[in-house]
Amino acid sequence: MERTRVVVVGGGVAGCVMAKGLQDQCDVHLIDPKEYFEIAWAAMRAIVEPSFAERTLINHSEYLSQAHIITSAATNITESEVTTADGRRVGFDYLVIATGHAGGPEFTRSEKLHKYQGEHDKIKAAKSVLVVGGGPSGVELASEIIFAYPDKKVTLVHKGPRLLEFVGEKAGKKALNWLISKKVEVILDQSVDLESGSNGVYHTSGGETIHADCHYLCIGKPLASSWLMETCVRDSLDAHGRLMVDNKFRVKGHNNIFAIGDITDVPELKQGYLAQGHAAVVAKNVKLLMKGQSESKLATYKPASAFALVSLGKKEGVAQMMCLTLSGRIPGMIKSGDLFVGASRKNLGLKSN
Ligand SMILES: Cc1cc2nc3c(=O)[nH]c(=O)nc-3n(C[C@H](O)[C@H](O)[C@H](O)COP(=O)(O)OP(=O)(O)OC[C@H]3O[C@@H](n4cnc5c(N)ncnc54)[C@H](O)[C@@H]3O)c2cc1C
C-alpha cells in the first residue's frame, strides 16, 4: 500500500518535531538548507561559550532515522509539490510550512561550530563589546557576555524607549536594572551608525561616542516568507509576511497545506515551546485525515496566553506570565542554567547531554 507523503519545509523546532512525529507512519521529507537543527534560543550562549553549542546543534539525521532529509532551500510550492534550490521536485499529500526565520549561511554543523569558536575568540580578546538591539537577543547576549567576563566593558544600545518591548514594561525594567547592576552601559532611544564605526569608535544618533573592540547586531531576523510570494499560498500571506491559518493550522484557502511556528499569524507570542505545540496538533490531524476522519474530528488550537522567559546570565532571568512579572533566581532556575537544551534534546529522543 502507498504511504501518505508528508513534506515538512523548515527544520527549526516546529519542523523537526513535526517530521519526527510522523516519520514512522508516513513517507516524510524534511527540507532545510542546513543539515542540522539548532536550538535557536541557546545561540547567545553558544557565541560566548562555544562548547555549549556541541549540544545545541543536532544533525537532522540524528533524530530522523526514517524520514528523507533534503539539504536545500525550498523555492516554490504548488498544490501538490515542492521545488528546491538544487532542482528537486518533491510530491506531497500534505505539506507543512515551518520556515520561521532564515538561518545563517552555515550549512554544516562543523561550519557553525567553527563560527561560534571565532565569535568566542573575538569576545575573549576584546576589552569592550557593543551590543546593538534591546530585544531578547540583545539582552541575552549582553547578559551572557557580562556573566562570563564581568570585567569587560559592555554597552547595549537600543533604539526604543525600553528593553524587551515584546513583553510588559515591568519585565523590561527588571532586565534593565539587572544589566545596570552588572555595570553594563545601556543607552535607550538611540541608534548606532555601524557603517561609520572605524577603529572601534561608534557614534549614536544622540551624539554619543562609544568605544568598542567588537560589535554584535541583535535586531531580530526577518521572517523567511519572501520565498512564498510567487507560490500557491501567496494570497494567504498577511501584511507582515505571516501565513494566515485557521484553528487547525491549515493555510487559509488550502485543505492539504498547513503552517506552524513563527511563520504563522496565530495571535500569541512567538515561542519555541508553542511551535512544538503547533506541531503536535498538526501531527494528530494528519494522522486523523489519513484514517479518513471527518472535519469535525480534527483537533483545534487555542492561542496561548503570554508566557516568556528571558535569561540574564546563567543563574537569573526575567519571566512574564500574563500580567505577572518575576525576576531573579526562580526564572533563572527554570531557564538560565541549561536554556532548555536537555529537555529539547530529550524531546527528539536524544540523550540530554
Ligand atoms: C534570544 C531568544 C530567546 C528565546 N527564548 C525562548 C525560550 O526561552 N523559549 C521558547 O520557547 N522560545 C524562545 N525563543 C523563540 C524561539 O526561538 C522561536 O519561537 C522558535 O525558534 C521558532 O521556531 P520555528 O521552527 O517556527 O522557526 P525557526 O526556529 O526560525 O526555524 C526555521 C527553519 O526554517 C528553515 N528555512 C528558512 N527558509 C527556508 C526555506 N526556504 N526552505 C527550507 N527551510 C527554510 C531555517 O533554516 C530554519 O531551520 C527565543 C528567541 C530568541 C531570539
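The values are calculated or read from the model by the stated rules, or taken from the named source; none is laboratory data. Since we're looking at a predicted model, the values are computed, not measured. Reconstructed Cβ throughout: ideal geometry from the backbone, glycine too, with neighbour counts over all protein chains shown.
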Would you confirm whether or not the range 246-268 contains a residue that is small (Gly, Ala, Ser) and either assigned to a helix (DSSP H, G or I) or not assigned by TED's automatic domain parsing to the domain that holds Cys16 (or both)? yes
Of all the residues that make up the range 84-129, how many are surrounded by fewer than 17 Cβ atoms within 10 Å (Cβ to Cβ) and free of Cβ contacts under 8 Å to residues at least 24 places away in the same chain? 11
So in the range 102-119, with the set limited to residues that are farther than 24 Å from Ser198 by Cβ and in contact with a helix residue (DSSP H, G or I) (Cβ under 8 Å, 6 or more places away or on another chain), which one is farthest from the ligand (Cβ to nearest atom)? Gln117
Scan the range 272-292 and give yes if some residue there is more than 16 Å from the chain's Cα centre (by Cα) and in a loop (DSSP other than H, G, I, E, B), otherwise no. yes
Does the range 320-333 include one or more residues that are at pLDDT 95 or above, buried (at least 16 other Cβ atoms within 10 Å of the Cβ) and under 29 Å from Asn247 (Cβ atoms)? no
Given the criterion in contact with a Gly (Cβ under 6 Å, 6 or more places away or on another chain) and crowded, with 16+ Cβ neighbours inside 10 Å, identify the matching residue among Ala283, Ala279. Ala283
Answer yes or no as to whether Lys252 is at pLDDT 95 or above, surrounded by fewer than 21 Cβ atoms within 10 Å (Cβ to Cβ) and in contact with a helix residue (DSSP H, G or I) (Cβ under 7 Å, 6 or more places away or on another chain). yes
Kindly indicate whether Thr99 is within 13 Å of the ligand (Cβ to nearest atom), in a loop (DSSP other than H, G, I, E, B), under 18 Å from Ala259 (Cα atoms) and β-branched (Val, Ile, Thr). yes
Hey, does the range 211-219 have a residue that's within 14 Å of the ligand (Cβ to nearest atom) and on the phi > 0 side of the Ramachandran plot? no
Close pairs (9 angstrom Cβ cut-off, 6 or more residues apart or separate chains): closer than 14 Å to Ala224 by Cα in the range 235-253, among the polar types (S, T, N, Q) and assigned to a loop (DSSP other than H, G, I, E, B) anywhere: Leu237/Ser225; His240/Ser225; Gly241/Ser225; Arg242/Ser225; Leu243/Ser225
Any idea how many residues of the range 233-263 are more than 15 Å from the ligand (Cβ to nearest atom) and either over 17 Å from Ala275 (Cα atoms) or out of contact with any Ser or Thr (no Cβ under 9 Å at 6 or more places or on another chain) (or both)? 10
All conditions in (1) assigned to a strand (DSSP E or B); (2) among the small types (Gly, Ala, Ser); (3) within 14 Å of the ligand (Cβ to nearest atom) are true of Gly342 except (1)
Verdict on Phe37 being crowded, with 22+ Cβ neighbours inside 10 Å, within 9 Å of the ligand (Cβ to nearest atom) and either closer than 30 Å to Lys124 by Cα or more than 18 Å from the chain's Cα centre (by Cα) (or both): yes
When the residues of the range 164-186 are narrowed to those that are under 23 Å from the mean Cα position of the chain (by Cα) and closer than 22 Å to Ala46 by Cβ, which ends up surrounded by the fewest Cβ atoms within 10 Å (Cβ to Cβ)? Phe166
Give the range 305-325 a look and list any residue that's without any contact (Cβ under 8 Å) to a residue 24 or more places away in the chain and within 14 Å of the ligand (Cβ to nearest atom), or say none. Gly317, Met321
Criterion first (in a helix (DSSP H, G or I) and under 30 Å from Asn76 (Cα atoms)) does Trp227 satisfy it? yes
Among the candidates Ile123, Ile145, residue that is in contact with a helix residue (DSSP H, G or I) (Cβ under 7 Å, 6 or more places away or on another chain), under 18 Å from His215 (Cβ atoms) and within 16 Å of the ligand (Cβ to nearest atom): Ile145
Checking Arg3 against (1) modelled with pLDDT of 95 or more; (2) more than 13 Å from the ligand (Cβ to nearest atom); (3) not acidic (Asp, Glu), the condition it does not meet: (1)
Just to verify a result, which residue in the range 295-353, among those that are among the basic types (Lys, Arg) and in contact with a Leu (Cβ under 7 Å, 6 or more places away or on another chain), is nearest to Val167 (Cα to Cα)? Lys335
